[in-house]
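Okay, so here's the structure we're looking at.
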Amino acid sequence: MNGRILIVDDEKDMLILLDRIISEDTHYETVTESNPEKAFEIFKNEAFDLVMTDLKMPGMSGIALMEKIRGVRPEVSVIILTAYATIETAVEATKKGANDYLTKPFRRERLLVTLDKAMKWQKVIRENKRLRLALEKENDLSIIGSTAAMENVFDRIRQAAPTNGTILITGPTGTGKELVARAVHRNSNRRSKKLVTINCTAILENMIESELFGHVKGAFTGAATDKKGLVEEADGGTLFLDEIGDLKPGLQTSILRLLQEGEYRPVGSVITKKADLRFIAATNKNLEQAIAENTFREDLFYRLNVIRLEIPPLKDRAEDIPILCYHFLHKYSVLNKKKIKGISPSAIQALAARKFPGNVRELENIIERGIIFCNGDTLTLSDLGLGPGESAVPGFVPGLNRENSRINFKDAKEESISFFHEHYIRTLLKESRGNISKAAQIAGIQRQYLHRLMKESHIQADEFRGDKHTP
Ligand SMILES: Nc1ncnc2c1ncn2[C@@H]1O[C@H](COP(=O)(O)OP(=O)(O)OP(=O)(O)O)[C@@H](O)[C@H]1O
Ligand SMILES: [Mg+2]
């Protein structure tokens, strides 16, 4: 079923006629109702794409019904049926928001064309709504991803952000842990205060106390004045302990105390200070294993591991690769002031089949480099500069190279064939500089057949004419 239509008319014969035409000539599902009040009840409880309603009905007019419908779900299309084909009623109906009107008696074709137009409009509206929602999502978290695994991460971020709970973000390098920490802070009640990051790898052991908690004048040689520490700077906001797995054992104790007491003492001071902090920690290390190896304090781990956000590696969500490609394509086209509007299917396919040990960061770097070297208006496989064996052809067997999504023989074969078609045709057209007859001749196939294959692979000969850059 491609859509549902609610038909309302007090004349039962009319309902039967409309229902028959629509079921015979379209795939739409219909629901008919002769009483407009009842029709509105049905509308409220079920999903519809379109309502067709008679204009003059006892109890409630078609316009009144339309207004009630608009009040509930304004995006649903409405077509008004009228036997009183005066310009005024038609104008009134469209002015009040009807998508279209149909005069009775009508011709079958006219009905079908009107329906088709209204349904297409519905599709546009729905697609717009979907894109707007996708964009809103991107705006609220600024993290790209459309797989169930990432949706789950997004939901957890939205749930956890407004609380004060300590969050531990884990996942391999380059998966976006810092991005997640920032999204949590931005979506918390502390957003107007600072997010202060402490990189636990970079900080020197003998300096940490003063870096974190500050010091008073004369606390040690070189301490010429009082100095605020990072903890004080983060007061009221969020303290992000990045790479917590690299924290030296001695420092683990200081951090534990801060987490437990919310208190700290600047170096050289006798006064204890209090800080109102929300803690977020991140690491690509396996902390459970570090505890077993006695390199990470178990009590600190339990203090941190209140809300766990585990970010999956990119290879486990390969379906996110295309959307990430487009995101970075846009980002680096703007940054490099280039007008690159797309990415070739073979480039996307090669990337989607790749493993990415460096995860999203590695993909981002590849796209950035590609944009720098791209001379055309489309990012192509050759711009990406992937290593030998990574160019997807030869040796690339779609469906088999993707570890996490093995597919059955038939699907793998079909995927391979369409991949072969695309690549073969592109190479061919490149050689013939977009001359289809010549390309067909080289391949030893009919021109029409080549045309069909090109259409199936969405390839246009124009791309290969002139000096445009293609893989
Ligand atoms: N889902 C995503 N959407 C958009 N950009 C992303 C996403 N994930 C990662 N990135 C980008 O990839 C890069 C690496 O992300 P980030 O620094 O957050 O990773 P990380 O998990 O903290 O890595 P590491 O463990 O190495 O510190 C950043 O430029 C970030 O913007
Ligand atoms: Mg990081």
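The values are calculated or read from the model by the stated rules, or taken from the named source; none is laboratory data. Quick caveat: nothing in here was measured; it's all calculated off a predicted structure. Neighbour counts are summed over all protein chains in view; Cβ atoms, including those assigned to glycine, are modelled from backbone coordinates with ideal geometry.
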Quick check: anything in the range 179-191 away from ligand 2 (no atom under 15 Å from the Cβ), farther than 18 Å from Pro249 by Cβ and in contact with a strand residue (DSSP E or B) (Cβ under 6 Å, 6 or more places away or on another chain)? yes
Those residues of the range 176-188 which are more than 7 Å from ligand 1 (Cβ to nearest atom), in contact (Cβ under 8 Å) with a residue 60 or more places away in the chain and outside any helix (DSSP H, G or I) amount to Ser188
**Asked** Leu17: crowded, with 21+ Cβ neighbours inside 10 Å and either over 22 Å from Lys95 (Cα atoms) or assigned by TED's automatic domain parsing to the domain that holds Trp121 (or both), yes or no?
**Response** no
Restricting the range 350-373 to residues that are over 14 Å from Gly385 (Cα atoms) and surrounded by fewer than 21 Cβ atoms within 10 Å (Cβ to Cβ), the one nearest to ligand 2 (Cβ to nearest atom) turns out to be Arg361
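This table checks each residue for (1) away from ligand 1 (no atom under 16 Å from the Cβ); (2) assigned by TED's automatic domain parsing to the domain that holds Leu277; (3) out of contact with any Lys or Arg (no Cβ under 7 Å at 6 or more places or on another chain); (4) on the phi < 0 side of the Ramachandran plot.
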position: Glu209; (1), (2), (3), (4): yes, yes, yes, yes
position: Leu212; (1), (2), (3), (4): yes, yes, yes, yes
position: Thr221; (1), (2), (3), (4): yes, yes, yes, yes
position: Ala224; (1), (2), (3), (4): yes, yes, no, yes
position: Leu230; (1), (2), (3), (4): yes, yes, yes, yes
position: Glu233; (1), (2), (3), (4): yes, yes, no, yes
position: Phe240; (1), (2), (3), (4): no, yes, yes, yes
position: Glu243; (1), (2), (3), (4): no, yes, yes, no
position: Gln252; (1), (2), (3), (4): yes, yes, no, yes
Being in contact with a strand residue (DSSP E or B) (Cβ under 9 Å, 6 or more places away or on another chain), hydrophobic (A, V, I, L, M, F, W, C) and either within 16 Å of ligand 2 (Cβ to nearest atom) or in a loop (DSSP other than H, G, I, E, B) (or both) narrows Ala282, Ala347 down to just Ala282
Looking across the range 254-283 at residues that are of a type in the set (Gly, Ala, Ser) and within 16 Å of ligand 1 (Cβ to nearest atom), the single one that is surrounded by the most Cβ atoms within 10 Å (Cβ to Cβ) is Ala281
Output for Cβ contacts, cut-off 6 Å, separation at least six or different chains, first residue outside the structural domain of Arg361 (by TED's automatic domain parsing) and in contact (Cβ under 8 Å) with a residue 12 or more places away in the chain in the range 147-175, second of a type in the set (Phe, Trp, Tyr) and not in a helix (DSSP H, G or I), reads Thr166/Phe279
Exercise for review: Could you check, for the range 311-323, whether at least one of its residues is loosely packed, with under 14 Cβ neighbours inside 10 Å, within 16 Å of ligand 2 (Cβ to nearest atom) and within 32 Å of the chain's Cα centre (by Cα)?
Suggested key: no
Across (1) closer than 19 Å to Met119 by Cβ; (2) in contact with a strand residue (DSSP E or B) (Cβ under 6 Å, 6 or more places away or on another chain), Leu15 clears everything bar (1)
